[in-house]
Amino acid sequence: MAKAQKISLAEAAALVKDGMTVMAGGFMANGTAERIVDELVKTGVKDLTIICDDAGWGRKRNPQTGEYEGEARGVGKLVQNRQVKKLIVSHVGLNPECGDMYAKGEIELELVPQGTLAERIRCGGAGLGGFLTPTGVGTAAADGKQLMTIDGKEYLLELPLHADVALIKAYTADESGNVQYKGSTRNFNPMMATAADLVIAEADHVVPAGEIGPENVHTPGIFVNYIVDGGME
């Protein structure tokens with residue numbers, strides 16, 4: 001089996017260009033490739049469309065000074081640094097700064113119900129044209145979408161999502177690109193690995209091919225183009 005290419009953080013970040021659509025795994029930044037995100041902040045790449053479960057953790061506003069304080073986490077770092085043009089997410093409640101930016105017209109926001117978001121990504125990876133769901137019928141989520149009636153019940157046609165690059169976070173990756181996740185860090189990562197032109201896995205541990213048992217391979221190496229060792233500088 002051909003090996004995935006092992007690259008540095010800087011090389012990984014250089015693959016993300018201005019204006020790209022980027023899928024980032026993670027749920028409240030759990031399972032997000034934090035070190036690659038940090039490197040993207042350094043590069044200043046801009047006008048990104050980010051597809052993620054959420055907007056990461058944002059800084060908190062000091063009620064006395066009105067200034068934002070503390071540390072952002074996950075894709076919240078990119079939002080804070082004004083590198084994101086549009087977010088496609090299921091919620092932004094953990095990132096008050098993002099809410100303020102949206103209110104000021106500084107960022108575009110597409111809110112998608114979480115299950116719908118996961119299924120749209122899965123459809124993108126499976127090459128499907130979309131799927132029908134009753135979720136959102138009769139709400140603002142239905143605005144501009146095709147409505148279909150089947151056996152007397154109304155459904156929305158939801159379209160697939162695809163990205164230029166997916167950033168996934170592995171607990172262990174082998175030299176063939178096979179990936180194992182740990183606990184709840186799995187979340188959106190496996191489906192995102194199928195729905196992008198280029199997949200970069202940031203791994204806590206990189207091991208020789210064959211060291212991950214077949215039953216523990218959560219994302220097969222055929223989907224992974226590059227591996228970043230979590231311990232690399």
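The values are calculated or read from the model by the stated rules, or taken from the named source; none is laboratory data. As the structure is a prediction and not an experimental result, all values here were calculated from the model. As a convention, Cβ positions derive from the backbone with ideal geometry for all residues, glycine included, and neighbour counts pool all protein chains shown. Heavy atoms of the whole protein, side chains included, go into the accessibility calculation; ligands, DNA and RNA do not. Shrake-Rupley method; radii C 1.70, N 1.55, O 1.52, S 1.80 Å.
Scanning the range 16-66 for residues that are of a type in the set (A, V, I, L, M, F, W, C), within 16 Å of PHE188 (Cα to Cα), open to solvent by less than 10 Å² (accessible area, probe 1.4 Å) and not in a loop (DSSP other than H, G, I, E, B) turns up VAL22, MET23, ALA24, ILE50, ILE51. Pairing residues of the range 109-125 that are more than 19 Å from ASP143 (Cα to Cα) with residues that are surrounded by fewer than 18 Cβ atoms within 10 Å (Cβ to Cβ) and of a type in the set (Gly, Ala, Ser), at Cβ distances under 9 Å and at least 6 apart in sequence or on separate chains, gives CYS123/GLY129; CYS123/GLY130. Filtered by the rule that a residue be touching a Gly at 6+ places or on another chain (Cβ under 8 Å) and in a strand (DSSP E or B), the range 164-182 gives ALA166, LEU167, ILE168, LYS169, ASP174, VAL179. Per the conditions (1) in contact with a strand residue (DSSP E or B) (Cβ under 7 Å, 6 or more places away or on another chain); (2) open to solvent by less than 20 Å² (accessible area, probe 1.4 Å), the sole criterion not satisfied by GLU154 is (2).
Report whether or not THR135 is part of a loop (DSSP other than H, G, I, E, B), in contact with a helix residue (DSSP H, G or I) (Cβ under 7 Å, 6 or more places away or on another chain), open to solvent by 40 Å² or more (accessible area, probe 1.4 Å) and more than 30 Å from GLU39 (Cα to Cα). When the stated conditions are applied, THR135 passes them. The residue of the range 101-128 that is farthest from LYS60 (Cα to Cα), among those that are in a strand (DSSP E or B) and either open to solvent by less than 70 Å² (accessible area, probe 1.4 Å) or β-branched (Val, Ile, Thr) (or both), is GLU110.
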